[in-house]
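Student: Shown below is the structure under consideration.
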Amino acid sequence: MEYAGDVDVTETWRRLSEDPNAVLIDVRTTAELNFVGLPDLSSLDKQVQRSEWKSLPGMALNPEFKAGVEQAGIARDAAIFLLCRSGQRSRDAAILLTAAGYQHCYNVAGGFEGDKDTAGHRGTVGGWKFAGLPWTQG
């Protein structure tokens, strides 16, 4: 199995709300988190786990990604939802973690900012922010 599949942002929020062991890992760069914002899970008594999938400059694959997840102490049987800007990096991260033995890795389809609209802007078509889910500025 490549990974558990794609889940939209509202389903992700529902699952995080209902499952005390479910985890959200934001795989975006620190710059993205600081300037664009990040999900706010405080109302669920949870924190977003963060581990960059790719790092600046150059967006090179972060060789410490898996180690960062392991150090966070996330159970291998927990539902893990991976989030990036639009859903590509998080999909790749879900595949890697599944191959590493994590059993329930989901890609958050639409990501934090969603796809680009016809004007080339993000945040107006889909994603966490567009859905009105809680978030905070970094």
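The values are calculated or read from the model by the stated rules, or taken from the named source; none is laboratory data. All values reported here derive from a predicted model rather than from experimental measurement. Every residue, glycine among them, receives a Cβ derived from its backbone with ideal geometry; neighbour counts consider all protein chains shown.
Student: Do you know which of the residues in segment 25-35 that are hydrophobic (A, V, I, L, M, F, W, C) and under 14 Å from the mean Cα position of the chain (by Cα) is surrounded by the most Cβ atoms within 10 Å (Cβ to Cβ)?
Tutor: That would be Val27.
Student: Which members of segment 64-84 meet the condition of being surrounded by fewer than 23 Cβ atoms within 10 Å (Cβ to Cβ), on the phi < 0 side of the Ramachandran plot and either of a type in the set (Asp, Glu) or in a loop (DSSP other than H, G, I, E, B) (or both)?
Tutor: Across segment 64-84, the qualifying residues are Glu64, Glu70, Ala72, Ile74, Ala75, Arg76, Asp77, Ala78.
Student: Which condition breaks for Val125 when tested against (1) part of a loop (DSSP other than H, G, I, E, B); (2) of a type in the set (A, V, I, L, M, F, W, C); (3) under 21 Å from Arg15 (Cβ atoms)?
Tutor: Result: Val125 passes all but (3).
Student: Might you check whether a residue that is of a type in the set (S, T, N, Q), within 19 Å of Phe35 (Cβ to Cβ) and part of a loop (DSSP other than H, G, I, E, B) occurs anywhere in segment 85-96?
Tutor: yes
Student: While we're on this one: Residue pairs, Cβ under 9 Å, 6 or more apart or interchain, first in segment 89-102 and at positive phi, second surrounded by fewer than 22 Cβ atoms within 10 Å (Cβ to Cβ). List them.
Tutor: What qualifies is Gly101/Arg76.
Student: If a residue has to be within 21 Å of Cys105 (Cα to Cα) and in contact (Cβ under 8 Å) with a residue 60 or more places away in the chain to count, how many in segment 25-57 make the cut?
Tutor: Residues flagged as within 21 Å of Cys105 (Cα to Cα) and in contact (Cβ under 8 Å) with a residue 60 or more places away in the chain within segment 25-57 amount to 8.
Every residue, every condition in (1) of a type in the set (A, V, I, L, M, F, W, C); (2) loosely packed, with under 13 Cβ neighbours inside 10 Å; (3) touching an Asp or Glu at 6+ places or on another chain (Cβ under 7 Å), yes or no:
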site: Leu38; (1), (2), (3): yes, no, yes
site: Ser51; (1), (2), (3): no, no, no
site: Asn62; (1), (2), (3): no, no, yes
site: Ser86; (1), (2), (3): no, no, yes
site: Asp92; (1), (2), (3): no, no, no
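Student: Please go through segment 82-94 and pick out each residue that is touching a helix residue (DSSP H, G or I) at 6+ places or on another chain (Cβ under 8 Å) and over 12 Å from Gly110 (Cβ atoms).
Tutor: Leu82, Ala93
Student: Give Gly87, Gly110, Gly114, Gly68 a once-over and let me know the one that is more than 28 Å from Ala131 (Cα to Cα) and either modelled with pLDDT under 95 or of a type outside the set (A, V, I, L, M) (or both).
Tutor: Among Gly87, Gly110, Gly114, Gly68, only Gly68 is more than 28 Å from Ala131 (Cα to Cα) and either modelled with pLDDT under 95 or of a type outside the set (A, V, I, L, M) (or both).
Student: Any residue at all in segment 3-10 that is more than 17 Å from Ala131 (Cα to Cα) and part of a strand (DSSP E or B)?
Tutor: There is at least one residue in segment 3-10 that is more than 17 Å from Ala131 (Cα to Cα) and part of a strand (DSSP E or B).
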